[in-house]
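The values are calculated or read from the model by the stated rules, or taken from the named source; none is laboratory data. Here the structure is a predicted model, which means the values were calculated and not measured. Here Cβ is always computed from backbone atoms with ideal geometry, including for glycine, and neighbour counts include all displayed protein chains. What goes into the accessible areas is simple: the full protein's heavy atoms, side chains included, and nothing from ligands, DNA or RNA. Shrake-Rupley method; radii C 1.70, N 1.55, O 1.52, S 1.80 Å.
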Amino acid sequence: MFSKVLVANRGEIALRVIRACQELGVKTVAVYSEADARAPHVREADEAVLIGPPPSSQSYLVGERLIDVALRTGAQAIHPGYGFLSERAWFARAVRDAGLVFIGPPAEAIEAMGSKTAARQLAISAGVPVVPGTTESVRNAAEAIAIAETFGFPVLLKAAAGGGGKGMRIVRAASELADALASAKREAQNAFGDDAVYIEKYIEGPRHVEIQVLADTHGNVVHLGERECSVQRRHQKMIEEAPSVAVSPELRARMGATAVAAARAAGYVNAGTCEFLLDKDGQYYFLEMNTRIQVEHPVTELVMGLDLVQWQIRVAAGEALPFPHKDFVPRGWAMECRITSEDPTNGFLPSTGRIEYLHVPTGPGVRWDGGIESGSDIGLHYDPMLAKLIVHAPTRELAISRMRRALRELTIDGIETSRSFHLRVMDHPDFQRGDITIQWLEQNLPALTAPATSRESIRLAAIAAALVAHEERRAGSGGPATSNASIASGESSRSVHGPTWRDVARRDSLRFS
Ligand code: MV4
C-alpha cells in the first residue's frame with residue numbers, strides 16, 4: 001500500500017478521498033488555491049501545499065505543478081477525484097512518466113473512451129449494443145441526410161470529442177440538417193478544438209441508467225449494478241438512486257455483463273462507469289464510459305456495502321479484487337441529492353456569499369459528503385456543488401421519506417441552495433412512482449421551482465412572530481416552552497423555500513445562548 005497520496009482536487013471529493021486514505025492508514029497531501037486556504041480539505045489532510053491563484057486554470061488544472069508537489073512531498077500516487085484532470089489522458093501519462101501512480105485507469109483507456117466515435121467502435125467490436133448511427137464523423141450535410149434516412153428521423157448530431165451534451169443537436173427533418181450540422185460543428189470546435197460530428201438515431205424519452213465497474217491489474221472485472229440518473233437539468237444530474245425501478249435482476253445481469261465486456265475491450269483498470277440509455281421497451285444502448293470516480297458513487301456504495309474510493313486506491317497499489325466472480329445484489333434503496341449553491345426559484349442562478357450557518361442532517365441512514373462548513377465563502381471560481389446528501393433505507397418509499405426528513409433537517413444560511421427543489425421532487429407523484437425520464441425535470445420546472453406563494457410567506461411570518469414572542473416570554477419567566485401547538489402548525493404549513501421558523505430558531509438559539 002502507498003504510504004502517502006496526493007489529492008489533486010478540492011471540495012467534497014477531496015475530503016471523500018482523504019477519508020478513504022485515513023481509513024487505509026495512508027497519509028495525504030492536499031493542494032489548494034488561494035481561494036481555498038481555509039477550506040476543510042486543507043485542514044483534514046496531513047499536509048497541504050498552495051498551488052496558485054483562484055482560477056482553476058492557474059491552480060487545480062496545472063498538472064506539472066501537481067506532479068512536482070507529489071515528488072517534493074514524497075507522495076507515491078495521485079488521486080484526481082472527478083472533474084479537473086481526472087479524465088485527461090496526458091495527465092495520467094505524465095504522472096506515470098514521473099514514476100508516480102495515477103489512481104485511475106491507464107492513459108490508453110482514458111484516450112480510447114475520450115473519443116466518442118472510438119468508444120462506439122470499441123463497443124461494437126465487443127458486441128455491446130449501441131444506438132444505430134455512424135462510427136465515423138460525417139463529412140457534409142448530404143452524407144448526413146443519406147445516413148439519417150437509413151434509420152429515419154429524428155436523429156442526434158454529436159461531437160466526436162464530446163460528452164456531457166456539448167455540440168449535440170436534435171434534427172427532426174432532412175431540411176433542418178445542414179444548419180444543425182454547421183452549428184454543432186461550430187460548438188464542438190469551440191468546446192473541444194475539434195469539429196468532428198457524428199450521427200445517431202435519437203432515442204425519445206429514455207432513462208439514463210449507468211453501470212459501475214471495478215477492475216484490477218490481474219484481469220478481474222466486476223460490475224456493481226446500476227444507478228438511475230434520469231433527474232437531470234442541462235446535463236447536470238440532480239438526484240441519483242440505486243437500484244433503478246426500471247431494472248430487474250435479469251436486466252441488471254445483462255447490462256452488467258455488457259459493461260464488463262466494454263471495460264475489458266478498453267483494457268480498463270480501476271473504477272469506471274458505463275452510461276446507457278434505457279428506452280420504454282427495456283432496450284438499452286451503450287452511450288459512453290466515464291473513466292473516473294463519479295459524483296454519485298455513494299449510492300452504489302450504500303446498496304452494495306463497499307467503499308469504492310478505497311478500492312480505487314487498493315487496485316492502484318496492485319491489490320487483486322477479493323470478489324472476482326461475486327454477483328453483487330443491491331440491499332435496500334439509496335438516494336442522493338446534489339446540494340448546489342443555485343437558486344431554483346431564479347433559473348438555478350449561481351448564488352454566492354458566506355455560509356453564515358450550516359446544520360448538517362444526521363440520524364439513521366443519512367450520509368453527508370460535503371466540502372463546506374459555517375463560514376465558508378462560496379464564489380464563482382468552482383463548481384456550484386457544495387455537498388451531497390445521501391440516504392439508505394430498506395425500500396424506495398422509505399428512502400424518499402428519509403430524504404425528505406433529512407432535507408428538512410438541513411439548514412444552510414447565507415446563500416440560496418437547491419434544497420427546496422429537492423423537497424419538491426420528493427413530494428412529486430411522478431417521482432414517487434418512479435415514472436421519470438431524462439426530460440422529466442425540464443418538463444416540470446414550474447412545479448418544481450415556483451417560489452412559495454405570498455400567502456404561505458405571510459403565514460410563515462406570522463408563525464415566526466408568534467415563536468419569537470413565545471421565546472421572549474419563556475426567556476422572561478425562565479420556564480419551559482409550553483405550546484407545542486404552534487410548533488405543530490408551523491410544521492404543517494411550512495414553506496419549502498427559504499429559511500423556516502425552525503431554521504431561524506435553531507440558528508438564533510445557538511447565537512444567543
Ligand atoms: C442521446 C440521447 C438520445 N438519443 N443519444 C446526453 C449527453 C451524452 N452523454 C449523451 N446524451 C444523450 N444521448 C441518443 N442517440 C439523449 C441524451 C441525453 C441525455 C442522456 C443521459 C442523461 C441525460 C440526457 C439529457 C439529454 C439528452
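For segment 262-292, a residue qualifies if it is of a type outside the set (Gly, Ala, Ser), touching a Phe, Trp or Tyr at 6+ places or on another chain (Cβ under 7 Å) and more than 11 Å from the ligand (Cβ to nearest atom), and the qualifying residues are 274, 284, 292. When 417, 411 are checked against the criterion of being surrounded by 16 or more Cβ atoms within 10 Å (Cβ to Cβ) and in contact with a His (Cβ under 6 Å, 6 or more places away or on another chain), a single residue qualifies: 411. Against the criterion of being among the small types (Gly, Ala, Ser), at pLDDT below 95 and under 30 Å from residue 203 (Cβ atoms), residue 123 does not qualify. For segment 132-164, a residue qualifies if it is within 14 Å of the ligand (Cβ to nearest atom) and assigned to a helix (DSSP H, G or I), and the qualifying residues are 147, 148, 151. Restricting attention to segment 14-58, the residues that are open to solvent by less than 50 Å² (accessible area, probe 1.4 Å) and of a type in the set (Lys, Arg) total 1. One residue alone among 222, 213, 295 is away from the ligand (no atom under 11 Å from the Cβ), aliphatic (A, V, I, L, M) and open to solvent by 10 Å² or more (accessible area, probe 1.4 Å), and that residue is 295. If the condition is being in a loop (DSSP other than H, G, I, E, B), at pLDDT below 65 and of a type in the set (S, T, N, Q), then segment 448-497 contributes 482, 483, 484, 495. Close contacts from segment 108-128, counting a first residue that is farther than 20 Å from residue 284 by Cβ and a second that is buried (at least 16 other Cβ atoms within 10 Å of the Cβ) and of a type in the set (D, E, K, R), with Cβ to Cβ under 6 Å and a gap of 6+ residues or different chains, come to 110/87.
Looking for something under 15 Å from residue 287 (Cα atoms) and of a type in the set (Ser, Thr, Tyr) - is there at least one such residue anywhere in segment 138-154? For segment 138-154, residues under 15 Å from residue 287 (Cα atoms) and of a type in the set (Ser, Thr, Tyr): absent. Specify the residue that is nearest to residue 12 (Cα to Cα); the eligible residues are those in segment 67-96 that are open to solvent by less than 10 Å² (accessible area, probe 1.4 Å) and not hydrophobic (A, V, I, L, M, F, W, C). Restricting to residues being open to solvent by less than 10 Å² (accessible area, probe 1.4 Å) and not hydrophobic (A, V, I, L, M, F, W, C), the top hit is 81. Selection of segment 181-203 for residues being open to solvent by 10 Å² or more (accessible area, probe 1.4 Å), within 14 Å of the ligand (Cβ to nearest atom) and without any contact (Cβ under 8 Å) to a residue 60 or more places away in the chain yields 187, 191, 192, 202.
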